[in-house]
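Student: Here it is, the structure, as structure tokens.
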Amino acid sequence: MSTLPDPAPEAPSAETPVAKPGRESLHYAVRNPKLIIGVSLVAILLAVGVVGPMLLGNGNPNEYVGPQASAPDGTYWMGTTTFGQDVYAQFVHGLRATFLVGVVGGAIAAVIAMVVGFLAGYRGGITDEILNMLTNVVLVIPALAVLLIINAYMGVRSVAVQGLFIGLTSWPWAARAIRAQTFSLRTREFVDLARLSGSGTWRIVFREIAPNMSSYLFMMFILLFGGSILIASSLDFIGLGPTEGVSLGLMLQSAQQWSALQLGMWWWFVPPGAGITAIVGALYVANVGLDEVFNPKLRES
Amino acid sequence: MLEGGLMLTLDRVTKTFRAGAFGGGSTTAVDRVSFSAAPGELVSLIGESGSGKSTIGRMVLGLTQVSSGSLTLDGEQVRPGKDFYRRVQGVFQDPFSCYNPVFKADRVFALVRRAYHPDVSDREWADRVEKAVRDVRLDPGQVLGRYPHQLSGGQLQRLLIARALLLDLRFLVADEITSMLDASTRIDVLNLLAGLKERGLGVLYITHDLSLGTYLAEKTVVLRSGRVVERGDTQKVFGNPLHPYTRTLLAAVPRLNQPWTTAEPVAACAYHEGGARDGDLYETEPDHFVACAGLPDCGRTPA
Amino acid sequence: MTLTVKDLRVHYRTLRGEVRALDGVGFDLADGEILGLAGESGCGKTTLGKALIRLDGRMRHVGGSVTLDGDELPLSDDRAMNAYRFHKISLVPQYSMSALNPTRRIGRMIRELLASRGVTVDTGELHRRLALVGLEPDVLDRYPIELSGGMKQRAVMVISTLLDPSVLVADEVTSALDVSNQQAVVGALTGLRDKGLVTSMIFVTHDLGLTSHIADSIMVMYAGKLAEKAPTKVLTTEPRHPYTKMLIGSLPQVGARFVDKPLSGIEGSPPSLLNPPAGCRFRARCPLADSGCAEEPPVVEVAPRHTVACWKAA
């Protein structure tokens with residue numbers, strides 16, 4: 001008897017007014033400060049990343065346009081680099097690239113994690129053992145070393161390809177978590193009832209099990225998205241980034257390479273650093289808020 | 001809709017589970033159980049927790065594989081699949097667990113429609129659903145279109161039975177369907193089952209509560225630790241219990257206005273005193289079978 | 001008189017409003033008495049048990065009073081109740097046997113629990129109490145999974161009564177157990193009372209048959225209010241309230257058969273406690289109801305220690 005409903009208040013009768021579960025979540029969602037602040041910050045940065053480049057005419061941000069190494073002023077809001085590149089232009093293009101790698105990496109990792117996790121959790125038995133082995137192997141592979149090798153042989157050209165490789169290596173923890181949840185949901189009797197109604201494996205997974213984990217899957221995607229951005233920035237910083245375009249991590253890398261810190265050119269590395277911190281930090285804060293929304297026990301009543 | 005039940009036959013059915021850290025050991029949940037239910041009969045399977053009764057229910061429904069022995073319905077092996085579930089369905093103990101909490105309760109009907117009656121028109125389907133809901137003595141206006149947490153346990157259980165009625169149901173496995181219900185709704189669900197039985201449905205009623213089993217069933221099977229200890233016609237089994245376990249069970253039932261009785265100890269093992277054997281059970285009188293009493297001085301162990 | 005409850009009102013806060021779970025309940029509990037609190041889901045019996053000990057943060061004590069051994073219990077004050085909880089009045093909560101930590105041995109769990117409350121109990125006393133409920137001392141070295149349901153329940157009962165409370169509230173302690181385990185647990189409860197470790201007991205359950213075996217008097221609740229209270233023998237043989245009568249009538253006894261005489265349940269379901277109807281709350285389902293029932297019936301003593309809240313019973 002482990003899934004008994006909350007003992008109080010007592011069971012409602014049929015005349016209780018209708019309150020859809022989704023509506024209740026929404027009610028709490030709009031009142032949760034962490035969620036609101038986190039989502040707003042990410043939304044603002046996303047807007048800047050989408051609209052910014054368009055307002056600048058979509059030019060090449062790496063062009064040498066201005067005086068070298070000048071501080072922020074009226075024309076160049078974030079100053080220029082050692083080569084005279086407009087830091088603000090690089091920043092807004094970089095935001096776009098960063099979001100792109102987050103979405104691509106996060107989505108690919110999420111899809112793989114769901115397929116592996118659901119299948120292993122629902123089927124159990126030999127399927128579970130094989131998928132577990134696969135998960136463990138990928139988990140243990142040092143992503144950095146693999147990416148180094150790939151870079152050496154292929155040279156990562158674009159942000160999307162970088163996102164692909166990140167997605168292919170960062171799914172194991174999510175797969176594990178999904179598998180565990182699926183295990184526990186699989187024994188619930190409504191799954192038996194679905195089997196008794198003639199439903200097949202994937203139909204049961206997507207129509208019975210996944211909706212009961214929807215909040216968890218949502219939060220998981222947010223974490224994968226944020227994690228992807230972080231990994232991409234780290235790779236960019238150590239020189240394994242894409243060879244074309246610009247991203248926030250690449251900005252940090254060139255700032256470091258050209259001694260921006262020692263030369264006092266704070267406007268070169270502070271915006272990208274703050275940008276990455278803001279996006280990932282806001283996502284994690286929003287995630288905590290979301291957890292409070294979905295999990296009634298965490299709410300301060 | 002109810003054209004007569006199916007004949008359920010279990011012949012030395014056994015179920016073992018792998019246990020232990022690396023799957024080394026094994027536990028026997030069901031040990032060579034044999035009994036049968038004639039078409040349209042209501043058999044109650046009585047046992048305490050750990051007796052294997054739910055495992056037997058799941059095997060009849062094809063949700064768990066039989067390890068050895070044969071389990072047949074109308075002579076055919078249990079083969080889980082759409083055709084099988086058209087005729088055989090189950091209702092379980094926890095009504096709140098049977099409904100997916102993120103969807104409305106009616107979805108259980110929609111699932112049936114999608115799988116079995118996809119080409120029935122909306123109008124026709126709504127009529128069928130309404131009729132089935134009335135058949136289980138519920139008011140469609142009060143129960144349709146609601147979420148599971150807005151309905152009571154008794155209403156949810158009856159909706160599950162209504163769902164089963166939307167198919168060509170011939171056999172129903174009812175696994176502890178009343179244990180989580182209140183006393184007043186319990187009786188309604190039981191009366192409903194009895195009514196369906198009178199219309200020809202075969203039922204395997206699994207429970208730990210003797211009073212409920214005897215209320216409904218013509219035949220009773222008493223299970224302990226995976227083995228049948230006594231079975232047969234309900235009135236004979238409880239009117240004249242011969243196995244010590246059956247006597248203990250009967251004596252431990254809390255009855256209103258009657259103090260607890262202690263079970264009379266069994267003087268002699270009916271299994272070993274009798275003549276003709278039916279496997280592990282001995283037929284002491286027509287339709288009353290009992291297993292070895294396992295008395296301390298019984299040097300002879302059952303087969 | 002150990003416990004006196006007067007007009008107790010407890011509401012729950014929810015998104016949709018206040019659920020009036022307990023709406024004016026009053027009764028007395030004498031020394032050495034076991035009171036059976038019976039009723040169906042939604043009647044308020046669990047709320048009553050939890051309110052006496054103030055265990056749930058969502059509860060709001062709206063009115064009425066509870067007096068234990070002469071002291072009025074500070075039901076609105078969580079901190080102040082700490083002095084009474086487990087010391088004077090204790091609760092064995094519902095589903096407590098499922099709440100045992102599966103990775104801890106029983107003995108260790110007990111020690112940690114007591115240490116967190118600043119209480120020490122010597123091992124000999126613990127063994128004595130375990131023996132009282134029929135458990136061997138080696139239970140302390142076992143994990144919860146090695147014990148049967150009845151044994152876990154009895155272990156929890158030992159913990160709840162370690163400080164010799166005046167009143168023990170046992171909330172549905174037998175519902176998940178098999179009949180043989182039920183007998184053992186009920187025996188353990190009466191043993192605790194007989195040996196004086198617990199002065200009085202409130203036994204909350206939905207199983208009327210079981211209650212009649214342990215309780216000296218039974219109180220039947222419906223929709224947050226008292227329906228009938230009487231000594232056990234009287235309530236089970238001569239009930240006055242229509243709800244009690246129908247409840248008893250719906251219990252199948254071993255031997256009753258559908259084919260001989262079908263029993264009948266009670267049509268309908270209890271009213272919502274968000275906005276309870278005026279007048280008698282059982283009115284909608286009662287076969288004897290008439291226009292007079294639109295006014296709420298007072299609790300009347302129709303015979304010594306037999307109180308009923310029904311216009312038709314007087």
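Student: For the ranges B:144-153, C:222-231, what's the packing order if you count other beta-carbon atoms within 10 Å of each residue, average per peptide, and put the highest first?
Tutor: Ranking, from highest mean packing down: C:222-231, B:144-153.
Student: Among DSSP beta bridges lying fully in chain B, give the percent that are antiparallel, nearest 5.
Tutor: Taking every DSSP beta bridge within chain B, about 65 percent pair in antiparallel fashion.
Student: Given charges of +1 on the Cβ of Lys and Arg and -1 on the Cβ of Asp and Glu, with all other atoms neutral, how large is the dipole of the protein assembly as shown about its Cα centre, in debye to the nearest 20?
Tutor: In debye, rounded to 20, the protein assembly as shown gives about 760.
Student: Given labels modelled 7 Å from the Cα in the Cβ direction, how far is it in nm from A:Q262 to A:N295?
Tutor: 4.8 nm
Student: Hey, another quick one. Give me the percent of DSSP beta bridges within the protein assembly as shown that run antiparallel, rounded to the nearest 5.
Tutor: Of all bridge pairs located within the protein assembly as shown, approximately 65 percent are antiparallel.
Student: Of all DSSP beta bridges in the range C:3-308, what percent run antiparallel (nearest 5)?
Tutor: About 60 percent, rounded to the nearest 5.
Student: What is the extension gain from B:T16 to B:Q77, computed as 0.36 nm multiplied by their sequence separation minus the C-alpha to C-alpha distance, in nm to one decimal?
Tutor: Full extension of this stretch gives 20.1 nm more.
Student: Shielding of A:196-206 by partners, i.e. mean partner chain Cβ atoms within 10 Å per residue?
Tutor: Rounded to a whole number, the mean comes out at 5.
Student: Between the helical axis of C:179-194 and the dominant principal axis of chain C, each derived from Cα atoms, what acute angle in degrees is found, rounded to the nearest 10?
Tutor: Here the helix axis deviates by roughly 80 degrees.
Student: Rg to Rh for chain B: what is it, with Cα atoms only and Rh by Kirkwood?
Tutor: Ratio value, two decimals: 1.00.
Student: Normalised by the residues of chain C, what does the relative contact order come to in percent, with Cα pairs under 8 Å and at least six apart?
Tutor: 21 percent
Student: Additional query: For the range C:97-204, with only Lys/Arg (+1) and Asp/Glu (-1) charged at the beta-carbon, what is the dipole magnitude about the Cα centre, in debye rounded to 20?
Tutor: Charge dipole, the range C:97-204, about its Cα centre: 180 debye, nearest 20.
Student: In addition: Kindly provide the helix-only [θ] at 222 nm of the protein assembly as shown, computed as the sum of -39,500 (n - 2.57) over DSSP H runs of four or more divided by all residues, to the nearest 500 deg cm²/dmol?
Tutor: Rounded to the nearest 500, the figure is -13000 deg cm²/dmol.
Student: Let me ask something else. Can you give me the C-alpha center-to-center distance between the range B:225-250 and the range B:42-100, rounded to a whole angstrom?
Tutor: The distance from the Cα centre of the range B:225-250 to that of the range B:42-100 comes to 22 Å.
Student: Peptide B:100-110: average number of partner chain Cβ atoms within 10 Å per residue?
Tutor: Partner-chain Cβ atoms within 10 Å, mean over residues of B:100-110: 4.
Student: A follow-up question, please. Which order do the peptides C:167-177, A:282-292 take when ranked by the mean count of other beta-carbon atoms within 10 Å per residue, highest first?
Tutor: Result, highest mean first: C:167-177, A:282-292.
Student: Now a separate question. What is the average number of partner chain Cβ atoms found within 10 Å of a Cβ in B:176-189?
Tutor: Partner Cβ neighbours, averaged per residue: 6.
Student: Still on this structure, please answer the following. As I understand it, the dipole of chain C uses +1 on the Cβ of Lys and Arg and -1 on the Cβ of Asp and Glu, about the Cα centre. Which of C:I214, C:N101, C:L235 lies farthest toward its positive end?
Tutor: Farthest towards the positive pole: C:N101.
Student: When only Cα pairs under 8 Å and 6 or more residues apart are kept, what is the percent relative contact order across chain B?
Tutor: 22 percent
Student: Which peptide among A:137-149, C:24-36, B:211-223 comes first, and what is the full order, when sorted by highest mean count of other Cβ atoms within 10 Å?
Tutor: Listed from highest to lowest mean packing, they are B:211-223, C:24-36, A:137-149.
Every number in this text was worked out from the coordinates using simple rules, so none of it is lab data. All values derive from a computational prediction rather than experimental measurement. Please note: Cβ atoms are built from the backbone with ideal geometry, for glycine as well, and neighbour counts cover all protein chains shown.
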